[in-house]
Each structure stands twice: as structure tokens, then as C-alpha cells.
Amino acid sequence: MAANEPGQPDPAPSLISRNLPTPASALAIGAHPDDVEFGCGGTLAKWAAAGCVVHHLILTDGSKGTWDPHADVAALAAARQLEQREAARRLSDEHAGTVTFLAQVDGELDSSLALRGEVARVIREIRPQVVLGHDPWKRYRLHPDHRHAGLLACEGIVAARDPHFFKEHGIAHHRPAMLLLWEADEPDHVEDVTSSFERKLHALEAHVSQFESTMKAIDPAQVTAFRDRVRLRLGGLAARYGHPGDGMAYAEIFKLISDL
Ligand SMILES: [Zn+2]
């Protein structure tokens with residue numbers, strides 16, 4: 001099931017870092033198709049425009065992402081893979097990297113040792129400078145897939161970086177430089193996404209199957225209302241974390257972990 005727009009906490013704006021240098025490559029790890037676009041789509045689109053190769057790893061098949069009790073869930077899962085590939089293309093154009101699906105059953109994701117190994121394998125194959133994922137420690141989060149996806153990102157990095165973990169992969173270990181967690185319980189980093197905000201919206205709207213259940217949008221007027229809600233939220237973050245005269249109109253915020 002797809003993410004709703006999260007309510008963001010309201011941390012003190014002191015000690016907030018801003019705008020990482022554009023990495024050469026990034027890997028975003030989401031529980032469901034569309035989580036990445038909600039969580040960090042503006043940041044990824046900004047980096048892609050500056051030359052970063054952007055990769056996606058989607059852990060579940062998204063087969064619970066409908067309110068229709070009679071839906072063909074296999075067809076839905078297939079449609080959502082196509083939507084995710086289109087969203088990745090819209091974010092990154094010629095800098096789109098791989099889109100990998102682990103196709104776990106939506107709603108039943110766990111953070112098992114076996115899945116940790118699969119995430120570590122993708123990290124070792126792609127060798128991203130920056131990994132982005134759900135914050136697994138977000139308080140009062142109800143959806144278990146988001147929590148487990150966050151744990152898999154964090155624990156997958158540990159397994160990927162240390163050479164004696166999963167030696168059976170036969171792939172060299174790899175230590176990313178940084179991890180950014182979206183929907184963060186204690187955000188401490190802001191990315192200015194003014195230049196890429198429209199591209200984030202365009203990518204979100206590739207998830208056509210989710211318009212009714214996630215975006216509460218089934219007609220053009222409701223799509224417009226959805227866009228306005230995203231604009232309001234990211235605009236509010238920019239107003240809070242921007243500095244006078246810096247021109248930041250839209251922002252995404254994260255927990256930044258750089259000691260990997
Ligand atoms: Zn989700």
C-alpha cells in the first residue's frame with residue numbers, strides 16, 4: 001500500500017545541514033512503488049539533472065494498493081512495476097539507473113536475514129555513493145512494510161560494507177558514503193528541491209493505479225488538489241528551513257547518517 005503524504009515533525013531548525021554535493025550515484029530503497037517519489041523524488045530529480053545515476057530498489061509488489069475488493073492483484077502488481085519504471089524515467093531521464101523489484105508480498109514484508117542479504121547484494125552490485133530509505137525509527141508508524149523497509153536499508157548497508165558478510169555473493173563489499181532517511185523521526189538535513197519540484201510531481205503521477213487510494217484523486221480537479229497538497233507541504237518545509245534570500249521555494253527533509 002502506498003504512502004500517504006506524511007505529517008512532518010517540527011524540529012528546531014538549528015544544526016540542520018543543507019544540500020549535499022551531487023553524488024555520482026544514488027540508490028533509493030522503498031517498500032512500495034511510489035514511496036521513493038513521495039520520500040525523496042525532488043532530491044533524486046535534482047541530482048539526476050546534475051549527472052547522478054539514480055537507481056531504485058522496490059521491496060514489495062504493491063499488490064495491496066487498491067480499495068477494490070474484487071481487484072486482480074496479480075494484474076495490479078504488474079501494472080505497478082510498469083508505473084515504477086515510468087516514474088524512474090520521469091525523475092531521471094538519461095540518468096535513470098536500474099529499477100529492481102524484490103517482489104515480496106505487499107503488507108507482509110519482514111526484515112529477515114535472507115532479505116537483508118538480498119538488499120546487500122543490490123548495494124554491492126550498484127555501489128551507490130548515497131543510499132536513501134524509510135526511517136525505521138519513525139514513532140507511531142503503523143504500516144509494518146515501511147518500518148521493515150527502513151531496517152532493511154540500514155542493515156543491508158552494514159552487510160554490504162563488511163567483507164565477511166554474505167561472502168557467498170562473490171561480489172566485492174561496498175560502503176556507501178551517506179544514508180538519507182525520509183519521513184525522519186528527527187530530521188537534520190534539508191535539500192532544496194525548488195528546481196525539481198515539478199519533476200517530482202510528474203513522477204508521482206506516473207503511479208496511475210494509486211490515484212484513487214493514495215492521492216484521493218479520480219478526476220482532474222482532484223489531481224490538482226493533490227498537487228496543491230504536495231506543494232503546500234514542501235513549500236512549508238522550505239519556509240521553515242530556508243534562509244532569507246536563498247530562493248528555496250520547496251524542500252525535502254531527512255535524517256542524514258554519514259558515519260557508515
Ligand atoms: Zn509505502
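Data table
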{"quantity": "J(HN,Hα) series, the stretch 175-181, from Karplus relation 6.51 cos²θ - 1.76 cosθ + 1.60, nearest Hz, glycine and proline x", "calculated": "10, x, 7, 8, 10, 10, 10"}
{"quantity": "Highest-fluctuation residue, ALA96, ALA114, ALA160 considered, GNM on the chain with Cα pairs under 10 Å", "calculated": "ALA114"}
{"quantity": "Sequence-distant residues sharing a close amide H with ASP106 (under 5 Å, placed H)", "calculated": "ASP61, GLY62, SER63, LYS64"}
{"quantity": "Pairwise label distance in nanometres, ALA50 with ILE257, each label 7 Å out on the Cα-Cβ vector", "calculated": "2.3 nm"}
{"quantity": "Rounded if a/c under 1.5, otherwise prolate or oblate - the stretch 1-157, Cα gyration tensor axes", "calculated": "rounded"}
{"quantity": "Hz values of 3J(HN,Hα) by residue in the stretch 109-116 - Karplus curve (6.51, -1.76, 1.60), Gly and Pro given as x", "calculated": "5, 10, 10, 6, 4, 5, 5, 4"}
{"quantity": "Selection from ALA221, HIS164, VAL73, by position along the positive dipole direction of the chain (Cβ)", "calculated": "HIS164"}
{"quantity": "In Hz, Karplus ³J(HN,Hα) per residue of the stretch 122-130 (6.51, -1.76, 1.60; θ = phi - 60°; x = Gly, Pro)", "calculated": "5, 4, 5, 6, 7, 6, x, 6, 10"}
{"quantity": "Contact order normalised by residue count of the stretch 109-193, Cα under 8 Å, 6+ apart, percent", "calculated": "40 percent"}
{"quantity": "Cross-link reach list, aspartates and glutamates versus LYS167, counting only Cα pairs under 13 Å and skipping chain neighbours closer than eight places", "calculated": "GLU118"}
{"quantity": "Neighbour-limited loop hits for trypsin sites (Lys or Arg not before Pro), the stretch 79-149 (at most 11 other Cβ within 10 Å; DSSP other than H, G, I, E, B)", "calculated": "ARG139"}
{"quantity": "MET248 long-range amide H proximity, modeled H, under 5 Å", "calculated": "HIS243"}
{"quantity": "Residues of the stretch 146-165 with amide N under 13 Å of the 7 Å Cα→Cβ point at LEU102", "calculated": "146-160"}
{"quantity": "Segment LYS167-THR22, length gained on full extension (0.36 nm per residue, minus Cα span)", "calculated": "49.1 nm"}
{"quantity": "Residue-span extension gain [LEU82 to SER112] - 0.36 nm each, minus C-alpha spacing", "calculated": "8.1 nm"}
{"quantity": "SER25 long-range amide H proximity, modeled H, under 5 Å", "calculated": "VAL53, GLN129, VAL130"}
{"quantity": "Computed magnitude of the charge dipole of the chain (debye, nearest 20; Cβ of K, R +1, Cβ of D, E -1)", "calculated": "480 debye"}
{"quantity": "ASP219/GLU198 FRET efficiency (R0 25 Å; Cβ-Cβ; nearest 0.05)", "calculated": "0.75"}
{"quantity": "Top of HIS143, HIS95, HIS202 by mean-square fluctuation, Gaussian network on the chain, Cα under 10 Å", "calculated": "HIS143"}
{"quantity": "Residue of PRO220, PRO144, PRO136 that the Gaussian network model of the chain assigns the largest fluctuation, springs spanning Cα pairs under 10 Å", "calculated": "PRO220"}
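Bear in mind these aren't lab numbers, they're just calculated from the coordinates by the rules spelled out. Predicted model only: the values in this text are computed from it and were never measured. Reconstructed Cβ throughout: ideal geometry from the backbone, glycine too, with neighbour counts over all protein chains shown.
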